[in-house]
Amino acid sequence: MRLNASSPWIPLALSGDIPNGTVIPATLCSKPIAIWRSQSGQVNANGNRCPHRGMRLSHGFVRGETLSCIYHGWRFGQDGACQHIPAHPDVVPPASINCGPLQVAEQDGVIWVAEDQVESQPPRLDGLKPLRSLVFCAEPEAILTASGGTEVDLGVEATLAGTRICLLLQGQAPAETLCLVLVDQATSPKACAEISRALEGIRRRAEGETEKRGAA
Ligand code: FES
């Protein structure tokens with residue numbers, strides 16, 4: 001499998017990371033964003049800054065099909081528009097109050113976000129299923145080395161516990177990398193548990209290597 005590096009879609013979470021009615025913070029091309037899933041299961045993404053006083057919307061809460069800011073309760077819809085201001089319940093918020101919706105797609109158990117509006121679909125991950133996501137305090141290059149795998153356009157392919165795995169890697173901050181782990185569709189629960197243990201070894205080696213490079 002080789003993913004298309006020219007794709008505008010960035011993999012930022014596994015479907016299982018965001019249950020219905022929850023919101024998480026993420027980083028899209030160095031910008032903080034909030035990804036949330038409505039009660040009905042629709043995934044949405046927008047900027048992480050509340051247009052009122054700048055509170056992080058990822059600290060907020062989902063009610064129904066909207067995301068509310070934790071500070072003064074301004075409520076935003078899936079189009080990013082403010083729908084309700086609790087301190088002024090009779091006021092219809094102007095269209096200019098918007099938290100910056102982003103294009104989002106959920107496919108093959110992965111949530112993809114695009115910085116700009118795009119016509120294309122995210123890359124397919126045929127034959128793979130999501131296992132888990134984790135954050136390494138390590139650079140992607142150190143994860144590649146520690147995994148003993150091969151570089152592909154959005155991450156690393158490797159073999160762990162005799163199984164083909166794919167690590168989708170996204171730098172979140174210096175020496176901090178989000179890793180979405182996918183395994184071959186046919187992987188048994190026992191092999192999944194072995195792979196999870198082996199991933200901890202990769203994490204230790206990658207973080208140790210990154211620390212050494214930082215100290216050098
Ligand atoms: S800062 Fe978000 S509602 Fe006030």
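The values are calculated or read from the model by the stated rules, or taken from the named source; none is laboratory data. Note that this is a predicted model, so its numbers are computed, not measured. Cβ placement follows ideal geometry from the backbone for every residue including glycine, while neighbour counts extend to all protein chains displayed.
Of everything listed in (1) within 25 Å of Val43 (Cβ to Cβ); (2) in contact (Cβ under 8 Å) with a residue 12 or more places away in the chain; (3) not in a strand (DSSP E or B); (4) not β-branched (Val, Ile, Thr), the single unmet condition for Glu119 is (2). You will find that of Cys29, Cys50, the residue that is within 16 Å of the ligand (Cβ to nearest atom) and either within 24 Å of Thr177 (Cβ to Cβ) or outside the structural domain of Leu134 (by TED's automatic domain parsing) (or both) is Cys50 and no other. Among the residues of region 56-71, those that are assigned to a strand (DSSP E or B) and either touching a Phe, Trp or Tyr at 6+ places or on another chain (Cβ under 8 Å) or charged (D, E, K, R) (or both) comprise Arg56, Val62, Arg63, Thr66, Leu67, Ser68. For beta carbons closer than 9 Å, sequence separation of 6+ or different chains, a first residue in region 44-57 that is at pLDDT 95 or above and small (Gly, Ala, Ser) and a second that is within 8 Å of the ligand (Cβ to nearest atom) and not in a strand (DSSP E or B), the qualifying pairs are Gly47/Leu57; Gly54/Tyr71. So which residues in region 53-69 are more than 13 Å from Ala34 (Cα to Cα) and either more than 8 Å from the ligand (Cβ to nearest atom) or of a type in the set (A, V, I, L, M, F, W, C) (or both)? Arg63, Gly64, Glu65, listed by residue number. Scan region 126-142 and tell me whether some residue there is assigned by TED's automatic domain parsing to the domain that holds Asn48, without any contact (Cβ under 8 Å) to a residue 40 or more places away in the chain and among the acidic types (Asp, Glu). No; the residues of region 126-142 include none that is assigned by TED's automatic domain parsing to the domain that holds Asn48, without any contact (Cβ under 8 Å) to a residue 40 or more places away in the chain and among the acidic types (Asp, Glu). Considering region 137-186, and only residues there that are of a type in the set (Ser, Thr, Tyr) and crowded, with 21+ Cβ neighbours inside 10 Å, the residue that is nearest to the chain's Cα centre (by Cα) turns out to be Thr177. Is there a residue in region 96-115 that is part of a loop (DSSP other than H, G, I, E, B), among the hydrophobic types (A, V, I, L, M, F, W, C) and modelled with pLDDT under 95? No; the residues of region 96-115 include none that is part of a loop (DSSP other than H, G, I, E, B), among the hydrophobic types (A, V, I, L, M, F, W, C) and modelled with pLDDT under 95.
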